[in-house]
Amino acid sequence: MKKFDKERVLLAVAGPVIALVAAVVLTSFVLLASGKSPIEPYTLMFEQAGFADVQVLIINQAGVYYLAALAVAVGFRMNLFNIGVDGQYRLAAMMTAVVGAHVSLPAALQIPFLMLIAVLTGAFWAGIAGVLKVTRGVSEVVATIMLNAIATSLIGYLTLTEVWGQPLGNNQTTGVMKESGWFPGFDMGDAGEIYGFTLIAVLAGILYWLVLNRTRFGFDLRATGASETAAAASGVDAKRMVLTAMLISGGMAGLAGLPILLGDAHTYSLSFPTGLGFTGITIALLGRNNPVGIAFAALLVAFLDKASPALDYATPVAYDKEIAVIMQGLIVIAVVVSYEAVRVWGLRRQQRRVGAELAAAAANDNSKKEVAAR
Amino acid sequence: MSVELAGITKRFPGVVANHDIHLSVGKGTVHALVGENGAGKSTLMKILYGMQKPDEGTIAVDGEQVTFASPADAIARGIGMVHQHFMLADYLTVLENVVLGSEKLYGIGNGAREKIKEISARYGLGVRPDALVEDLGVADRQRVEILKVLYRGARILILDEPTAVLVPQEVDALFDNLRELKAEGLSVIFISHKLGEVLSVADEITVIRRGTTVGTAVPAETTSRQLAEMMVGSELPTPETAESTVTDKPVIQVEGLTVYAAGGASLGETGTVGDTPAAGSLALDAAGGDAKRVLDDVTFTIHAGEVMGIAGVEGNGQTELVDALIGLKNADSGAIRFIGEEITSWPTRRRREQGVGYIPEDRHRHGLLLEAPLWENRILGHVTEKPNSKGKGRWLDIKGAQADTRRIVEEYDVRTPGIDVTAASLSGGNQQKLIVGREMSHKPRFLIAAHPTRGVDVGAQAAIWDQIREARREGLAVLLISADLDELIGLSDTLRVIYNGRLVADADPATITPEELGSAMTGAASGHLEHVEHEEQSSQVAEAAEAAPEDEAR
């Protein structure tokens, strides 16, 4: 028993470790090829991570990534590829900002209310793709990509001054939200403030684990992801499952923009971060859809994000901070390759071990019987 | 000698898969390799085909000692393998499938087409190069696989359990092909555990047990009983049920069940309609518009304690019947009643909760989550029921499920080092025992058993038969679908034959022979099948099916 547990840990860790090592090595090659030191950028980035203010930035960023990645992971667990997290969280953040600027409840109600708005908006946007897939068989990949583009246009329209927008300098905002909807953060003194919403992200991770691993619904969802045919034969209604998973994924995506919106920006503007959803895909992949794995992956990517700008100002030689982007890209490729390799290797290895143990047991049995026969 | 394996030993860490194996195959002969599942046949063939390297021992081809680093080396030496699971691309034509990967041999155009026709004609394979593979039946696909191997210049063919997917008549046709190959001086290594077939086609038989060769026999001087005893080292079990336990309490009543073909994806062979006539002699020529009805007015009743067997060539509606009963397909018309209750519109889960057990035809696709641990597989299909869940079935009861998995492993003799290993790491027989154990643990009142012992070794087969018999004594109604006619005849209380989506004939398992059943399966006979003289009532197929008594008089 013990042995197989150790085995599982080994398999779980081997994939990411191999991927990261490969990504670092390949990045170093890129650096070498451009005639730069293949090592110094890493030391520079690690130095950055030592500063308290950078640490706060990393944690804040990781919380955002974590929510986005959970949203992607819910889909992944049943072989649904929700590429639309990006559009879902942006639309949800915008809607929440608008509502937050016009509705004023006590904080104890306002914040849950705003979260509900965000979840519903995200779920609605993802639900469109879900309904299309269930009723018309439209691939959710295509539908969600299209919905991303539509979301961009829709947000552009809704934030027009004639609609809900409010110009502020040469920025276009949705107006400042009522203060009861500001999520209090943890003051870290000079280092800045950690978003309070990061706690919600942690809770979301726990909830994700609980639902997937401890409930009937989670089992059905994982079964559908592992084998659609077996799940159907076991009594899972595949269509309902697809729709539900899309709604949950979208709802989770809706939350992804809130740490920034409720903790810092307090308005949706042109400068609201975009692309979180795509980074979320990278992180979900790297974290193998596992809530703890995703947490590590989110921290890693946040670290690359927040420690790399310093490369531009390094002396005597400046490095391009895009190195971090290159590395992220390489991580994705390495992850896909190494996970599949490790999975196949692990499966074979276990098959052999089981064979070996059974053969050993059979041999024991036999020799006993033969002795008994004599 | 065209192939000679001497002293082959292959160790995997901690286990000896092959130990001191000797095998010599003469030119122009069919050499059968028999043994239980897991005896080491596959490993040995992988070694010969260059997929594994032996730790000890030598391989000689045509008297010349060789080492293979990969299947490509083996192919270059004229060794070809026809895998048990066909490796064909459905949406490509036969020609495209054959040239795929060997484009350099004869090109991809007319040169290749001519070559395929030539090979097909020389060995009587009847393969048409421009037919789409998805339109072909199982037997035809197998011939394409054989042709693929011959096209690459193989002189030695390895056939891995080629008859597992065929009905008796198709098996005969395959054996005719093998005799043609033999006559042309090719050698065939034929892997099987069906002893009757082995005796009829092989020139020489090597028996392998526990990883080593235990003997060689010549068919003329041996019986299947002797072979079986060499194979398992003990007596061969038989599927015969003792006394009848049939009651008059109907458990499942199916009336006028009709299912139309939708989409066509799952229909396989019966779906060859109109403009693309099926290639090859054995494909079913379904008559035009009728082919759209994959199940046509099927009516039957199974009582408590009764096993009803359904015989039929694969693709005649069995899959659809099973799907309709378990709720994966909706009935287009007709009704299904389960202990008096109308369940036609029930979803799958509700049916399973109410006591419909399901041993699926394809356990990998429908019965297991291969990469999940055994205990999760124990939950599959019964997630809302105890001991798998608690709190009105919303929360998983992992401890309960694990404990019960241990019990199943123990009681059903699932050979595994633990319940945390993945289902994929068990052998087919043990996977099947786990599924049977799981289904039986929920005390089903109606069991759908589709090919319950397919690909299962003799020991596990006997255990599964015992389970079904025991449950039957306790009042279980069973729908048994099997390609193994001996199993069907041995276990069933009632027999029906399905052809082209209809139940066309019935028979008394006490007197019928596999051959008589076989002829009804191809549509040659219908109505009530009597032993000795097949009563030909073929002109009234439909009437006979309807007139057939709903519940067999016992």
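What to note about this one:
- Scanning region B:197-216 for residues that are free of Cβ contacts under 8 Å to residues at least 40 places away in the same chain and either assigned to a helix (DSSP H, G or I) or within 22 Å of B:LEU186 (Cβ to Cβ) (or both) yields a total of 4.
- Scanning region B:313-358 for residues being within 14 Å of another protein chain (Cβ to nearest Cβ) and among the β-branched types (Val, Ile, Thr) gives a total of 6.
- On inspection, B:ALA477 fails the criterion of being without any contact (Cβ under 8 Å) to a residue 60 or more places away in the chain and under 22 Å from B:ARG363 (Cα atoms).
- For region A:275-290, the condition of being among the charged types (D, E, K, R) and under 20 Å from A:GLY205 (Cβ atoms) holds for at least one residue.
- Test: residue in region B:230-240 that is of a type in the set (D, E, K, R) and either modelled with pLDDT under 85 or in a strand (DSSP E or B) (or both): yes
- Hits in region A:34-76 - residues which are modelled with pLDDT under 90 and either under 18 Å from the mean Cα position of the chain (by Cα) or of a type in the set (S, T, N, Q) (or both): A:SER34, A:SER37, A:THR43, A:GLN48
- Region A:266-287, residues that are outside any helix (DSSP H, G or I) and touching a Phe, Trp or Tyr at 6+ places or on another chain (Cβ under 7 Å): A:HIS266, A:GLY287
- Of the residues examined, B:LYS182 is not one that is surrounded by 21 or more Cβ atoms within 10 Å (Cβ to Cβ), closer than 30 Å to B:ASN18 by Cβ, more than 17 Å from the chain's Cα centre (by Cα) and basic (Lys, Arg).
- Of residues in region A:121-142 being more than 12 Å from A:MET246 (Cα to Cα) and of a type outside the set (Ser, Thr, Tyr), the one surrounded by the most Cβ atoms within 10 Å (Cβ to Cβ): A:VAL138
- Failed criterion for B:ALA403 (all others in (1) within 12 Å of chain A (Cβ to nearest Cβ); (2) more than 30 Å from B:VAL165 (Cβ to Cβ); (3) of a type in the set (Gly, Ala, Ser) hold): (1)
- Residue match in region B:59-74 (condition: in contact with a helix residue (DSSP H, G or I) (Cβ under 6 Å, 6 or more places away or on another chain), assigned to a loop (DSSP other than H, G, I, E, B), surrounded by fewer than 22 Cβ atoms within 10 Å (Cβ to Cβ) and touching a residue at least 12 places away in the same chain (Cβ under 8 Å)): no
- Given (1) without any contact (Cβ under 8 Å) to a residue 24 or more places away in the chain; (2) touching an Asp or Glu at 6+ places or on another chain (Cβ under 6 Å), index of the condition B:GLY334 fails: (1)
- Scan of region A:198-229 for residues that are of a type in the set (Gly, Ala, Ser) and either surrounded by fewer than 18 Cβ atoms within 10 Å (Cβ to Cβ) or modelled with pLDDT under 90 (or both), ordered by number: A:GLY225, A:ALA226, A:SER227
- If the condition is being polar (S, T, N, Q) and within 22 Å of A:PHE113 (Cβ to Cβ), then region A:146-182 contributes A:THR159, A:GLN166, A:THR173, A:THR174, A:SER180.
- Scanning region B:370-388 for residues that are within 7 Å of chain A (Cβ to nearest Cβ), surrounded by 22 or more Cβ atoms within 10 Å (Cβ to Cβ) and farther than 30 Å from B:ARG293 by Cα returns B:ILE379, B:LEU380, B:VAL383.
- Checklist (1) under 30 Å from A:ARG214 (Cβ atoms); (2) buried (at least 24 other Cβ atoms within 10 Å of the Cβ) applied to B:GLU411, failing item: (2)
- Residues in region B:53-82 that are closer than 21 Å to B:GLY28 by Cα and either in contact with a Leu (Cβ under 6 Å, 6 or more places away or on another chain) or not small (Gly, Ala, Ser) (or both): B:ILE59, B:VAL61, B:ASP62, B:GLU64, B:GLN65, B:VAL66, B:ILE75, B:ARG77, B:ILE79, B:GLY80, B:MET81, B:VAL82.
- Scanning region B:296-349 for residues that are assigned to a strand (DSSP E or B) and among the polar types (S, T, N, Q) gives B:THR299, B:THR301, B:SER333.
- Among the conditions (1) surrounded by fewer than 22 Cβ atoms within 10 Å (Cβ to Cβ); (2) out of contact with any strand residue (DSSP E or B) (no Cβ under 8 Å at 6 or more places or on another chain); (3) modelled with pLDDT under 85, the only one that B:GLN461 does not satisfy is (1).
- Top-ranked residue in region B:481-502 [being out of contact with any Leu (no Cβ under 9 Å at 6 or more places or on another chain) and not acidic (Asp, Glu); ranked as surrounded by the most Cβ atoms within 10 Å (Cβ to Cβ)]: B:THR494
- If you go through region B:75-101 and keep only what is in a loop (DSSP other than H, G, I, E, B) and farther than 23 Å from B:ILE59 by Cβ, you end up with B:HIS85, B:PHE86, B:MET87, B:LEU88, B:ALA89, B:ASP90, B:TYR91, B:LEU92, B:LEU100, B:GLY101.
- Condition check for A:LEU116: under 21 Å from the mean Cα position of the chain (by Cα) and without any contact (Cβ under 8 Å) to a residue 60 or more places away in the chain: yes
- Any hit, region B:359-368, residues being closer than 27 Å to B:SER42 by Cβ, part of a helix (DSSP H, G or I), more than 10 Å from chain A (Cβ to nearest Cβ) and modelled with pLDDT of 90 or more: no
- Qualifying positions in region A:74-90 - under 26 Å from A:PHE113 (Cβ atoms) and touching a Ser or Thr at 6+ places or on another chain (Cβ under 6 Å): A:VAL74, A:ASN82, A:GLY84
- Unmet criterion (only one of (1) over 27 Å from A:ARG214 (Cα atoms); (2) away from chain A (no Cβ under 12 Å)) for B:SER427: (2)
The values are calculated or read from the model by the stated rules, or taken from the named source; none is laboratory data. Just so we're clear, the structure is a prediction, and the values are computed from it rather than from any experiment. For neighbour counting, all protein chains shown are included, and Cβ atoms are generated from backbone atoms with ideal geometry for every residue, glycine included.
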